[in-house]
Structure formats: C-alpha cells, structure tokens
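Below are the structure tokens for one structure; questions will follow.
Since every read-out is calculated from the coordinates, none of them should be taken as a lab result. Computed from a predicted model, the values in this text were never measured in an experiment. Note: ideal-geometry Cβ built from the backbone for every residue, glycine included; neighbour counts use all protein chains shown.
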Amino acid sequence: MKESKLKHIFKQAFWGHCILATLMLVPLVSYGQTTVFLQPADALKLIFKDSKEVHKADHQLSAEQAKAFQSQAGYPPPKASYSFYLGKSGDHIDGYALIDEQVGKVLPITFITLISPTGKVESVEIMVYRESRGGEVKNRRFLNQFVGKQSNDSLKLYGDIVNISGATLSSRALAVGVKRALVLWKVIYGSYTSTTPEP
C-alpha cells in the first residue's frame, strides 16, 4: 500500500513538472504573430534601388558620440555600436540606412530608415511585425509622415506625428525608433558631406 501510494505521488509530481515546463514555453508564442514583410537583403535592395552598390559600416560609439546622442535624444544609446548601410554611386553617397528595433506593446518592431546625405528621412519600411494588433503602422499613410523629418524635429505623437487609432503603442515605437536613427546619423555622419568617404 505504501509503495503504491509513493508511486502515485511520484507520478503526480513528474507530470506536474512536465506541465510547468510546457507552460514556460507558451508565452513566446501567445504574445503575438510574427509577420515578416522584408528580409534585410530585400529591404536594402528596395530602398537603394538606384544605387550602384551598398556598403556596411560598423560604428562603435565613442564616449563623445554617446554623450551627444543622449543630449539630443534624451536617453543614453541602447547599444554600444550600430551598423549603417551606405548606398553609393561611384564616389557619391546616395543615402544612409539603419536597420533597428523598437518595442511596441510587448515585442520589438524591426524597421529600416533611409536617411539622405543632408540628414532627412527619405523612407521608412516595416520589416518584421510581431504583435497580434497594431500592424496598421505598416500603412504608407502613416509611414509617410516621417519623410523629410530631421534630427531636430520632435517626432512626437499628437505633435508632428499623428498616431493610428488602436495602434498607439506601435505608432509611438516607430516615432522613437526613427528619431533614434536620425540622431545616430547626426552624431556619426553629421559633419560629413555626400562625397566624403565613410569613416
């Protein structure tokens, strides 16, 4: 009797641990549905369609650059290094692109920002959207609001950026992310012209 009872308790404990282990994996799926709109290579091909070549430039932010970023963005750089992609035609730099992520409600939104040699947004594209709601931020009408913006623009909701009803958190995430791209361009490339080779 005692042995049978012990086996029963052991079996309950075993299946209890299995259920717990399974539940620990569920949130990774239940938070949202991932939709991939553009792979990195496709995104670069799209925004640099008129460029002859594309180069990747990795930048480790110096202490001075990190300080300048915080002064303009209002918070320290989330990462110590960033990679820009430069579209070029001969010696001329056509534009600068940054692939980055910013958390929407729970999960990160992956997007690419194309910046002109004069520091203005030329295009923003959603690459990966992972939330189950708020995906309307991929609509061109919303994204086109960023075109022409510079690092000294506020890029705040209810100001120079109109949010999408039902997608306020995602709208804010894109505004924060594009602003970060502009400030990073400013502190890294701001003193360079379109014909200056990348550092």
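If you average the C-alpha positions of the range 126-194 and of the range 60-78 separately, how far apart do those two centres end up, in angstrom?
19
Under a crude label model (7 Å from the Cα following the beta-carbon direction), how far is residue 147 from residue 92 in nanometres?
Each label point is offset 7 Å from its Cα along the Cβ direction, giving 2.0 nm.
How many nm is it between the label spots at residue 57 and residue 133, if each spot is 7 Å from the Cα in line with the beta carbon?
It is 4.2 nm.
Also, I was wondering about something else. How long is the gain from residue 49 to residue 33 if the chain were fully straight, where each residue apart is worth 0.36 nm and the alpha carbon distance is subtracted? Walk me through the numbers on the way to the answer.
Numbers: separation 16, 0.36 × 16 = 5.76 nm, distance 2.97 nm.
Between residue 49 and residue 33, full extension yields 2.8 nm more.
Please work out whether the range 53-102 counts as rounded, prolate or oblate from its C-alpha gyration tensor, where a ≥ b ≥ c are the square roots of the eigenvalues and a/c under 1.5 means rounded, while otherwise a/b larger than b/c means prolate and anything else oblate? Mind dumping the intermediate values first?
Working: a/c = 2.50, a/b = 2.16, b/c = 1.15.
Note, shape of the range 53-102 comes out prolate.
Provide the net charge surrounding residue 106, with neighbours chosen by a C-beta distance below 14 Å and charges set as Lys +1, Arg +1, Asp -1, Glu -1. Before the final figure, lay out the partial values.
Values: positive: 105, 130, 133, 172; negative: 101, 131.
Taking every Cβ under 14 Å from that of residue 106, the sum is +2.
Jot down the per residue volume, in cubic angstrom and as a whole number, of the convex hull over the alpha-carbon atoms of the range 32-189. Provide the component values of the computation, followed by the final result.
Numbers: hull volume 16.5 nm³, N = 158.
Per residue, the Cα convex hull of the range 32-189 comes to 104 Å³.
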